[in-house]
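Below is one structure, written out as C-alpha cells; comments come after it.
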Amino acid sequence: MSNTTELSTAKARDVASALSGMEVGGHEQVVHFYDQSTGLKAIVAIHNTHLGPALGGTRMWTYKTEEEALTDVLRLSRGMTYKAAITGLNLGGGKAVIIGDAKTQKSEALLRRFGKFVNGLAGRYITAEDVNIGTRDIEYIAMETKHVTGLPEILGGGGDPSPVTAYGVFLGMRASAKEVYGNESLAGKKVLVQGVGKVGQSLVEHLVKDGAKVWINDINSENLNAVSSKVSGVMVADAETMFDLDMDIYAPCALGASVNSASLEKLKCAIIAGAANNQLADEDLHGKMCSEKGILYAPDFLINAGGLINVSIELEGYNRERAYAKTERIFDAASNVFGIAKRENIPTIQAAKRLAEQRIDSVGRIRLSF
Ligand code: NAD
C-alpha cells in the first residue's frame, strides 16, 4: 500500500523561513513524496516558472536528515532558475531529491513510483538526470510520465548530458583564462579537478588535449583509476593537501560548497571554474572573498549549463549539433559577465545573477501578458 503526503503545514513554515532573502522570490511549490511500499522519500522543489516549466534533475543521495535534503533541493532548484535564465532558455528552475542509498535502495519500482509523482505535477516540473540518477533510471521514470528528459539515445533522447556539460565548463575555463592571462589557451596551466565522475572525467580529457597539467582528486578510487588509465600524465592529489598545491585553476566537479572560508584561505589559484552546482558555500561572502583575493570565479550556473542545454534541446526533438552549437555560446556569455564585473567592480556571481534576474523580470513580464 502506498502512503503519500504533500508538504505538511509545519514543513511549509520551515521552508518559508529557509527562503527569506531569496532575490528572485521564494519557491513557488515544494512537495514531499512518501511511498511506503517502495521506500521512496523524495522532495520536488519548484523555484520559479516565470520563463517556463521548471526543469532540473533528480539527485539520489544519502542525506542524514530530511532537513539536509530540503536545504539541498531548495538551493539546487534556485540555481536552476538562474541557469535557465542566463542561458536564454524558456524554462524555469526546479529540482528533485530522493533520500536514500542509490547502491542499495534504487529499484525499478521506486523510480516508477517517483515518475508517477512527477506526473502528478502536470508538467510544472520536468525531471532529468543528476548525481546517482542515470539514463537507465530515466527510462523507468519515463514509463510513468512524459515530463522527463535525458532519455538514452536509442529512445530518441540526447543520452548522458555530462559530455556537453564538460565541454561548456571547458569553454568557460578558456574564457576565464582569456580574461586573466589575455590568452584562452590552457597549455601549461596547472589545473586541479576535484571530482572525476561523469563530468570531471570528460573535462580532464579536454584539458589534457589543450596542454594543461592536470591533478585529480576523488573520494572514489575506481574513478581515479579510470581516469589515470585512460589519460596519461594526470597526477592524483591528496585531499588533505590539494588546496595547498601551486595551481592556476581550481575546477570543483564534485558536490557543492567546496569554495568556502577554509579552502579560500589556502587556495592560491587565479581562476575557479568547474561543473559542481552551488560551489560557493555562501554566495555573497565567498563571491566577495574571491574578488578580494584576485581569484576570477566563473559562476557555476553559467558555465555548467551545457547539460541543461542538452536536455532542453531534447524537449524540441534532439539534435546533437544544435546542443553543442548552443553550448559554445558559454564562452561569450562568460566573457560578458567578466566584463560587467570588472566595469562595475562587483563580484562575478553578482554580475551573473543580475543578468539572469533582468531576463526573468523583462521576459517573464511579456509571457504573463499573453
Ligand atoms: P558524478 O556523481 O558522476 O561525479 C561526482 C564525483 O565526485 C564522483 O566521482 C564522486 O566520487 C566525487 N566526489 C563526491 N564527493 C567528493 C569529495 N568530497 N571530494 C572529491 N570527490 C568527491 O556527478 P557528475 O554528473 O560528474 O556531476 C558533478 C557535479 O557537476 C555535480 O555537482 C553535479 O550536480 C554538477 N553538474 C552535473 C551536470 C551533468 O551534466 N552531469 C550538469 C550540471 C552540473
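Structural remarks
- Looking across the stretch 230-287, the residues that are assigned to a helix (DSSP H, G or I), among the aliphatic types (A, V, I, L, M) and either away from the ligand (no atom under 15 Å from the Cβ) or not assigned by TED's automatic domain parsing to the domain that holds D210 (or both) come down to L264, L285.
- Inclusion of K213 among residues that are more than 8 Å from the ligand (Cβ to nearest atom), more than 18 Å from the chain's Cα centre (by Cα), open to solvent by 40 Å² or more (accessible area, probe 1.4 Å) and more than 26 Å from D160 (Cα to Cα) is warranted.
- Qualifying residue in the stretch 170-190 (condition: farther than 30 Å from F338 by Cβ, away from the ligand (no atom under 13 Å from the Cβ) and in contact with a Leu (Cβ under 8 Å, 6 or more places away or on another chain)): no
- Test: V208 is open to solvent by less than 40 Å² (accessible area, probe 1.4 Å), outside any loop (DSSP other than H, G, I, E, B) and farther than 18 Å from E179 by Cβ: no
- Among residues of the stretch 129-155 being within 21 Å of L91 (Cα to Cα) and among the small types (G, A, S), the one that is most open to solvent (accessible area, probe 1.4 Å) is A142.
- All positions within the stretch 30-56 that are touching a residue at least 40 places away in the same chain (Cβ under 8 Å) and part of a loop (DSSP other than H, G, I, E, B): S37, T38, G39, T49, H50, L51, G52, P53, G56
- Qualifying positions in the stretch 227-256 - open to solvent by less than 40 Å² (accessible area, probe 1.4 Å) and under 23 Å from N132 (Cβ atoms): V227, A251, P252, C253, G256
- The requirement of being of a type in the set (K, R), assigned by TED's automatic domain parsing to the domain that holds V337 and touching a Ser or Thr at 6+ places or on another chain (Cβ under 6 Å) is satisfied by K198.
- Residue list for the stretch 57-113, filter: among the aliphatic types (A, V, I, L, M), out of contact with any strand residue (DSSP E or B) (no Cβ under 7 Å at 6 or more places or on another chain) and either part of a strand (DSSP E or B) or within 14 Å of the ligand (Cβ to nearest atom) (or both): I86, L89
- A single member of G88, G123 is surrounded by fewer than 19 Cβ atoms within 10 Å (Cβ to Cβ), touching a residue at least 60 places away in the same chain (Cβ under 8 Å) and closer than 24 Å to A276 by Cα, and it is G88.
The values are calculated or read from the model by the stated rules, or taken from the named source; none is laboratory data. Note that the structure is predicted; figures quoted are calculated from it, not measured. Cβ: placed from backbone, ideal geometry, glycine included. Neighbour counts: every protein chain shown. Only protein heavy atoms, including side chains, enter the accessible area calculation; ligands, DNA and RNA are left aside. Shrake-Rupley method; radii C 1.70, N 1.55, O 1.52, S 1.80 Å.
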